[in-house]
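Notes to accompany the following structure.
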Amino acid sequence: MLNFLASKKGVAQAKSCIVAYRVTTGGENRVQANDKIGDDGQESTYLTEGYDDSNEEGCGQKLLSLLQRMGVENILIIVYIWHQRMPGHNSSELYKNVLERAKDLLTTLHARVIEAEQMLNERLKLHATES
């Protein structure tokens, strides 16, 4: 994914590419040789998470911490920064900006998912009463 994005016009000129992710793997339909099987015979679910600070030391780690605090899984967040930091500006301003935008994005996405689930449930109820 990152290689694909990096090949796009404009992205290659970015000063930094900050990444944070949390992805669950496993489940009842997916068993691999190295996966652990629990006592109940069901495959365990594994959470893989990580970050890349790029040229902004600590920023990816703080973004991952936000994902952990919010309990968000199965997401990859990529933040590109094109400008150089102005003299006298410190990293905490950048962290604050990135975290505020990421939190806004995650809150909006969560609201949209809840809205879509409610619409689906209403359609299923309507379909069930018609049958």
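The values are calculated or read from the model by the stated rules, or taken from the named source; none is laboratory data. All values reported here derive from a predicted model rather than from experimental measurement. So basically every Cβ, Gly included, is an ideal-geometry build from the backbone, and we count neighbours across all protein chains shown.
Here are a few things to note about the model shown:
- Tyr80 being part of a helix (DSSP H, G or I) and at pLDDT below 90: no
- Residue match in region 1-21 (condition: modelled with pLDDT under 55 and out of contact with any Pro (no Cβ under 8 Å at 6 or more places or on another chain)): no
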